[in-house]
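Student: The structure follows.
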Amino acid sequence: MKTNIFSNKITSVLAAVIVCALWGSLFPCVKLGYKAFEISGSEIPSIILFAGLRFTVSGIILIGIGGIKNKKIDIPRKQSLIYIFWITLTSIVLHYSFTYVALSIGEGSKSAIIKQVGFLFLSCFAFLFDKEDSFSVPKLISGVLGFAGIIATNLDSSGFIFGIADFLLILASACSCISMICTKKATRTTSPVQIVAYSQLTGGIVLLAAGMFLGGKLADIDVKSILIFAYICLASITAYSLWNTLIKYNDLSKLSVIKFTEPLFAVIFSGLILGEEIFRMTYLVAFVIILAAILISNIKRRATNDCKCV
């Protein structure tokens, strides 16, 4: 594997953490977007329309930037189209349909934690989908601990709480993992940024059309709603482009472990931006368990002085 800044151990970790911070900030910002565009939790068509507009605009911006940089519009290679199709379906259409509906009825801080369930599985069993990954007992133990952390977030004084929003987030997480596997394969022949551009554009158009067909609508646009929407698009473009590049040069299982930091940022930003109650014992327990999972998953690599990037 060719060594560059994205395969360097330290810079790749820092880049992955930045991506998780951006994604974490999107949980409360999307909820702010609902409020700015006057979308209630029961207005599913409008939620889908909002998601479609976000990705359509993001895709157009990325393709435009690429066209200016290369002085032409690059079209994906034929062998990559099937992967881009599956990435579009799983990462954009299904993933965000599930996520946006779940966010409309759930808490931003809790939602980000539940969404990690798929990455817990991928951190343990990525070797089944990518020959560059390998199975290890520490990874399996970290997966078990991770699931325990997910359960901890759903406990309160009355016991285990699991609602429709949690179920939708687990489906979204599964879709995201499938997308990562497809992206890993697609980046062997296609630029990571190009994958983001075309998957977001096509996925956005599908969601946009679906939202309009179902009768979705957005409130009158003002400066506040434009600023919130601009940040959501900017964070989306930056995070996905950087993440896909990291996928190209790093093992899926290692990135999946770092992905566990996303809930921490989501909780912090949800508290700062939305004023949600984030100082809960269940959240603290969950973070301690997930932190233990991250540390255990790295025991073997430290012990064997693994020089491969994270």
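The values are calculated or read from the model by the stated rules, or taken from the named source; none is laboratory data. Computed from a prediction, not measured in an experiment: that's the story for all the values here. Cβ: placed from backbone, ideal geometry, glycine included. Neighbour counts: every protein chain shown.
Student: Identify all residues within the stretch 1-38 that are out of contact with any Phe, Trp or Tyr (no Cβ under 6 Å at 6 or more places or on another chain), part of a loop (DSSP other than H, G, I, E, B) and not basic (Lys, Arg); write none if there are none.
Tutor: Within the stretch 1-38, 1, 3, 4, 5, 8, 37, 38 qualify.
Student: Being of a type in the set (A, V, I, L, M, F, W, C), touching a residue at least 60 places away in the same chain (Cβ under 8 Å) and either closer than 17 Å to residue 172 by Cα or in a loop (DSSP other than H, G, I, E, B) (or both), is that true of even one residue in the stretch 54-66?
Tutor: Yes; the residues of the stretch 54-66 include at least one that is of a type in the set (A, V, I, L, M, F, W, C), touching a residue at least 60 places away in the same chain (Cβ under 8 Å) and either closer than 17 Å to residue 172 by Cα or in a loop (DSSP other than H, G, I, E, B) (or both).
Student: Kindly indicate whether residue 288 is over 30 Å from residue 34 (Cβ atoms), crowded, with 17+ Cβ neighbours inside 10 Å and modelled with pLDDT of 70 or more.
Tutor: Taking the combined requirement at face value, the residue does not satisfy it.
Student: Same structure, new question: On the given criteria, is residue 265 more than 15 Å from the chain's Cα centre (by Cα) and either of a type in the set (Lys, Arg) or on the phi < 0 side of the Ramachandran plot (or both)?
Tutor: Answer is no for this residue.
Student: May I ask you to verify whether residue 33 is touching an Asp or Glu at 6+ places or on another chain (Cβ under 9 Å), small (Gly, Ala, Ser) and touching a residue at least 24 places away in the same chain (Cβ under 8 Å)?
Tutor: No; evaluated as a whole, the condition is false for this residue.
Student: Among the listed residues 239, 235, 210, which satisfies the condition of being under 27 Å from residue 93 (Cβ atoms), at pLDDT 80 or above, assigned to a helix (DSSP H, G or I) and over 18 Å from the mean Cα position of the chain (by Cα)?
Tutor: 210
Student: Out of the stretch 20-68, which residues are surrounded by fewer than 20 Cβ atoms within 10 Å (Cβ to Cβ) and touching a Leu at 6+ places or on another chain (Cβ under 6 Å)?
Tutor: Across the stretch 20-68, the qualifying residue is only 45.
Student: Another question, if that's okay. Among 268, 237, which is over 19 Å from residue 98 (Cα atoms), of a type in the set (A, V, I, L, M) and surrounded by 19 or more Cβ atoms within 10 Å (Cβ to Cβ)?
Tutor: The conditions single out 237.
Student: For residue 5, state whether it is touching a residue at least 24 places away in the same chain (Cβ under 8 Å) and within 28 Å of residue 259 (Cα to Cα).
Tutor: Considered against the rule, which asks whether it is touching a residue at least 24 places away in the same chain (Cβ under 8 Å) and within 28 Å of residue 259 (Cα to Cα), residue 5 comes out as no.
Student: Which condition breaks for residue 303 when tested against (1) surrounded by 14 or more Cβ atoms within 10 Å (Cβ to Cβ); (2) at pLDDT below 80?
Tutor: Status for residue 303: all satisfied but (1).
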